[in-house]
Amino acid sequence: MNAATTREHGKGAAPNVKINIRTVGMDKPRAWLAAGFEDFRQAMAVSLAYGMFWVGLSIAITAGAFTLGLWHWLLPLVAGFMFLGPLVAVGSYGISRALEAGRVPNLGDAFGGWKGHAGQLAMMGVMMMIFFLAWIRLATLLFALFFGFEAPSPETLYASLLTTVDGLMMLAVGTAIGAVLAFGAFTISVVAIPTLMDQDLTFMEGIEASIRSVANNFRPMLLWAAILTGCVLVGVMTFYIGLALILPVLGHASWHAYEDLVRIEPMEPVEEV
């Protein structure tokens, strides 16, 4: 079953297009994950290199936070990764697209796949950054509410989070707020970014396609969001090392999710009399 909207261009522009959204079943998230593993297997070297880049960056940020005495920012920063994950996956989309084109992917596909639609992808980046900054602001307010403005020692803080009423309350409230924001970010971006990489659309059209994909397939997409979140948490709990595999696999899988959910059909322009 499909739902469609039509985009009309001005006179002399590209042909009109119809954005179709497919309805999928609950078995699809598992199929997307399997397809992601297959893409990783076919392009293991470049996919692993791309994943290791983000592992190295994550370790560098963590080391920098401790060096600068900003270790108390690590928990909200790690949680905030959920908002930026779709942008991180852009390189994996480029690798999957190269595989489908029958080419051997290279690092140029991973790190330069965004160049064809840089402007619209940058606008999506701004949207995701707004969610990220909103989360950081709310996390700061929650920390001040439960622990005050003076940061305790790392041992005191992390022990308090799990052993005191204030710590458990902050975790519960922060998790609830973060989940709402993260699902909002997921809803506007889950297929928007791969759509913009693959099609000549505006970022608002990409967001519309993403929202409609989630609305028309709420249960499968809720399951997909849970899978993405769980996998990223596992990667973080391995001191980021697991992300070298997890990030590219999830990125490849998200590309296949886009292909199953979104169909762009050109329409013949109507000639004016």
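The values are calculated or read from the model by the stated rules, or taken from the named source; none is laboratory data. Everything numeric here is computed off the predicted structure, so don't read it as measured data. Please note: Cβ atoms are built from the backbone with ideal geometry, for glycine as well, and neighbour counts cover all protein chains shown. The protein model used for the area step is the full one, side chains on, heavy atoms only, and it has no ligands, DNA or RNA in it. Shrake-Rupley method; radii C 1.70, N 1.55, O 1.52, S 1.80 Å.
This model, with +1 at the C-beta of Lys and Arg and -1 at the C-beta of Asp and Glu, gives the chain a dipole about its Cα centre of some 240 debye. Take E100: with every protein chain present and a 1.4 Å probe, its accessible area is about 90 Å². Which is farthest toward the positive dipole end of the chain among T187, S213, W32, measuring Cα position about the Cα centre, with Cβ charges +1 (Lys, Arg) and -1 (Asp, Glu)? Checked the options; the winner is W32. I'd like the orientation of helix 28-42 relative to the chain: the angle between its Cα long axis and the longest Cα principal axis, in ° from 0 to 90, rounded to 10. That works out to roughly 90 degrees.
Under a 5 Å amide H cut-off, with hydrogens placed 1.01 Å from N, N217 pairs with nothing among residues at least 5 apart or on other chains. Largest accessible area first, the listed residues L121, L168, L68 line up as L68, L168, L121 when surface is computed with a 1.4 Å probe on the assembled protein chains. Averaging the sequence gap over all C-alpha pairs within less than 8 Å and six or more residues apart, then dividing by the number of residues, gives the chain a relative contact order of 37 percent.
Were the residues from L138 through K18 laid out at 0.36 nm apart, the gain over their Cα-Cα distance would be 39.3 nm. Loop exposure criterion: trypsin sites (Lys or Arg not before Pro), DSSP state outside H, G, I, E and B, at most 15 other Cβ atoms within 10 Å. Applied to the chain, the longest stretch between such sites is 104-273. In this structure, R263 and A226 have a Cβ-Cβ separation that, at R0 = 22 Å, corresponds to a calculated FRET efficiency of about 0.30.
Relative to the first principal axis of the alpha-carbon coordinates of the chain, what is the inclination of helix 243-261, with its axis defined by its Cα atoms, in degrees from 0 to 90 and to the nearest 10? With rounding to tens, the tilt is 40 degrees.
Per residue, the stretch 82-178 exposes an accessible area of 53 Å² to a 1.4 Å probe, with every protein chain left in place. For the chain, the longest principal axis of the Cα atoms and the long axis of helix 154-163 meet at an angle of about 80 degrees. Of the GluC sites (Glu not before Pro) found in the stretch 119-212, those that fall in a DSSP loop while having at most 12 other beta-carbon atoms within 10 Å are E150. Per-residue Karplus couplings for the stretch 127-132, computed as 6.51 cos²θ - 1.76 cosθ + 1.60 with θ equal to phi - 60°, are listed in order as 4, 5, 5, 4, 4, 4 Hz, Gly and Pro entered as x.
Computed 3J(HN,Hα) for the stretch 106-112, one whole-Hz value per residue from the Karplus formula 6.51 cos²θ - 1.76 cosθ + 1.60 where θ = phi - 60°, is 9, 5, x, 5, 6, 9, x, glycine and proline marked x.
As a test of reading the structure, rank D39, D166 by solvent-accessible area (1.4 Å probe, protein chains only), most first. Please report the intermediate quantities before stating the final value.
Details: D39 15, D166 80 Å².
Result, largest first: D166, D39.
Accessible area of S213 (1.4 Å probe, protein heavy atoms only, ligands and nucleic acids ignored): about 0 Å². Accessible surface of I241, taken over heavy atoms with a 1.4 Å probe and every protein chain present, rounds to 100 Å². Amide H contacts of N16 (H built 1.01 Å from N, in plane; Pro and chain starts excluded): H9, M267 sit under 5 Å, all sequence-distant by 5 or more or on other chains. Under 5 Å between amide hydrogens, built in the peptide plane, is the criterion, and for V262 it picks out R22 among residues at least 5 positions away or on other chains. The distance between label points at I130 and A179 comes to 2.5 nm (points 7 Å beyond Cα on the Cα→Cβ vector).
If you roll a 1.4 Å probe over the chain with all protein chains in place, what percent of the accessible area is carbon or sulfur?
That share works out to 69 percent.
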